[in-house]
Amino acid sequence: MSDTQEKYIHSLKKLKEAEEKVQKEIENHIKKIDEEIKKLQTDMQETIAQSKIEGEKLVESRMEQGKKKATAETEKIIEDAKAKAKTISTKVNAQTAQEIIDILLKGVN
């Protein structure tokens, strides 16, 4: 073999080694990116699950607050109705008593 051929073969070997090195770096980079994507997917799923749990807790809390508020308002309405009922029955009783007194007084005259 001539010196030129040996240099040519040596250059081809160097190119092949460089190509293999670059290919290995590309494969390693792809592997790292795949791992990062998997980690991001896992993190995203965990975040979604946690957000769902927090959302459900918030809905439950709001519902409980709504129930308490509705109960308090209902109790207030009932108490107001009771007070008005007492006032109304007192007026009726006073009115009835006045009518009775008038009837009795007419009978005395």
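No lab work stands behind these numbers, since they all come straight from the coordinates. Treat the numbers as computed from the prediction; the structure is a model and nothing was measured. Using ideal geometry, Cβ is built from the backbone for each residue, glycine included, and neighbour counts are taken over all protein chains shown.
The sum of -39500 (n - 2.57) across all DSSP H runs of n ≥ 4, divided by the residue count of the chain, sets its helix-only mean residue ellipticity at 222 nm to -37500 deg cm²/dmol. Couplings 3J(HN,Hα) of segment 16-29, computed from phi: 4, 4, 5, 4, 5, 5, 5, 4, 5, 4, 4, 4, 5, 5 Hz, in residue order, whole Hz [Karplus 6.51 cos²θ - 1.76 cosθ + 1.60, θ = phi - 60°; x for Gly and Pro].
Rounded to whole numbers, the Karplus 3J(HN,Hα) couplings from phi for segment 94-106 are 5, 5, 4, 4, 4, 5, 5, 4, 4, 4, 5, 5, 5 Hz, using 6.51 cos²θ - 1.76 cosθ + 1.60 with θ = phi - 60°, and x at Gly and Pro. Remark: the chain is approximated by an ellipsoid whose semi-axes, taken from the C-alpha gyration tensor as √(5λ), come to 104, 8, 4 Å, largest first. Counting only other residues whose beta carbon sits under 14 Å from that of M63, what net charge do I get with K and R as +1, D and E as -1? With Lys, Arg at +1 and Asp, Glu at -1, the net is +2.
With K and R counted +1 and D and E -1, the other residues having a Cβ less than 13 Å from that of Q41 yield a net charge of -3. Between I78 and Q41, take the C-beta separation as r, use R0 = 41 Å, and let me know the FRET efficiency to the nearest 0.05. Efficiency, from the Cβ-Cβ distance: 0.15. Taken one residue at a time, the phi angles of segment 62-75 give Karplus couplings (6.51, -1.76, 1.60, θ = phi - 60°) of 5, 5, 5, 4, x, 4, 5, 5, 5, 5, 4, 5, 5, 4 Hz. Gly and Pro are set to x.
Selection among H10, G66, A85 by position relative to the dipole of the chain gives A85 as farthest towards the positive end (Cβ unit charges, Cα centre).
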